[in-house]
Every structure is written in C-alpha cells, then in structure tokens.
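Please treat every number below as a calculation from the coordinates, not as lab data. Just so you know, these numbers come straight off a predicted model, no measurement behind them. Every residue, glycine among them, receives a Cβ derived from its backbone with ideal geometry; neighbour counts consider all protein chains shown.
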Amino acid sequence: MIMDWLANAYLWTKALHVVSVMSWMAGLFYLPRLYVHHTEQTVAGTEMDGVFQMMERKLLKLIMNPAMIASWVFGVLLLLTPGIVDWSAVWPYTKLLAVGAMTWFHMWLAKHRHDFVEGRFSLSGRTYRIMNEVPTVLMLIIVFSVIVKF
C-alpha cells in the first residue's frame, strides 16, 4: 500500500524535492558570502555586527534548516519509491556521499555562526570565500550523478 502511494506521488515528491534543494542551495551559496562581509566589514559588538547576525540567523533558521530537512525527507521518499533507484549502479552512492558532505557543510556554517554570536571572528574572509566553493563542487557531483547516472 505504501509502495503504491509512493509510486503515485512520485512526480509530486520529485517536484517538492527539487524545490527544497533549490532553497537549501540558495542558502548554502549566500551564507558564506554573508560571513565574508561580516568578517571584513564589521567589528564585534557594533550595530552592523548585530544586523549581520540577524540576517545570518534568519537565513539559517527560517530558510536553510527547513529546506535541508525537506530535501532529506523528499529525498528519502524518492529512495523508497519502487523502480527509481538502481542500487547496482554507482550514482546513488556518489549522490549520497555528496549529500552527506553538503549536510556536513551546512553544520559547519551553523557552527561558525556561533563564533560571530560570541564575538569571535575566527576565520578570514578569504577562508569563507574558499569554503563558498564547496557547495558548487558538491552540487556538480550530485547533478552529474543523477542526470548522467555514471
């Protein structure tokens, strides 16, 4: 019965997964850029520091966290849908590894938000610029895994 429901809901599940992932990726691209400017343009305890902290908190808590959770929920539903994943191929495993790495990156960003809250600017703007490339690399791995199915 659940398998029939998953099969019938497949297109809706896939559409909701894509929308969730797009929202999550938008945040993963934007939050490190906020960190670059926060690090380079502000001093702890100033009004501008508070503005950056508010923007970062809202982006993480109101957009990124729900989008990540929805991406995982709809992704797992897709994994459970009969006939969608060929587990004898390599692509599901490369996608899962990349999604795991994307989740780690999300948590890394959340951890560094606490540095700003505590008044520590522990990493340089250059470090955040470099880390800003991580979601792009992971996105490419995921997209090529799913579309090309290598």
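List of remarks:
- Cβ crowding within 10 Å, taken as a proxy for footprinting-reagent exposure, orders Phe150, Phe121 from fewest neighbours to most as Phe150, Phe121.
- DSSP-assigned coil residues among chymotrypsin sites (Phe, Trp or Tyr not before Pro) in segment 9-116, each with at most 16 further Cβ atoms within 10 Å: Trp87
- Rounded to the nearest 20 debye, dipole of the chain from Cβ charges on Lys, Arg, Asp, Glu: 80 debye
- Most mobile of Pro92, Pro82, Pro66 in a GNM of the chain (Cα contacts under 10 Å): Pro82
- Exposure proxy ranking, count of Cβ atoms within 10 Å, fewest first, for Ser122, Ser71: Ser122, Ser71
- Derived scalar couplings ³J(HN,Hα) [segment 142-150; Karplus, 6.51 cos²θ - 1.76 cosθ + 1.60; whole Hz; x for Gly, Pro]: 5, 4, 5, 4, 6, 7, 7, 6, 6
- Net length gained if the chain between Trp12 and Met48 were fully extended (0.36 nm per residue, minus Cα distance): 8.8 nm
- Close Lys pairs in the chain (alpha-carbon distance under 18 Å; sequence gap of 8 or more, or different chains): 5.
- Evaluated with a Cβ-only charge set (Lys, Arg +1; Asp, Glu -1), segment 30-103 carries a dipole of roughly 180 debye about its Cα centre, given to the nearest 20.
- Taking the C-alpha atoms only, the angle from helix 65-80 to the longest principal axis of the chain is near 20 degrees.
- Calculated [θ] (222 nm, deg cm²/dmol) that DSSP helices of n ≥ 4 give over the chain, each run adding -39,500 (n - 2.57): -26000 deg cm²/dmol
- Using θ = phi - 60° in the Karplus curve 6.51 cos²θ - 1.76 cosθ + 1.60, the 3J(HN,Hα) couplings for segment 51-59 round to 5, 4, 4, 5, 4, 5, 4, 5, 4 Hz; x is entered for Gly and Pro.
- For Phe144 and Asp115, a Förster radius of 41 Å and the Cβ-Cβ distance give a FRET efficiency of 0.75, rounded to the nearest 0.05.
- Estimated from the Cβ-Cβ distance and a Förster radius of 25 angstrom, the FRET efficiency linking Trp5 and Val90 is about 0.30.
- Between 0 and 90 degrees, the angle of helix 10-41 with respect to the longest Cα principal axis of the chain falls at about 20 degrees.
- Loop-located trypsin sites (Lys or Arg not before Pro) across segment 42-139 with a Cβ neighbour count of 13 or fewer within 10 Å are Arg120, with loop assigned by DSSP.
- Estimated translational D of the chain in µm²/s (Stokes, Kirkwood radius over Cα pairs; 10 °C; 1.306 mPa s): 95 µm²/s
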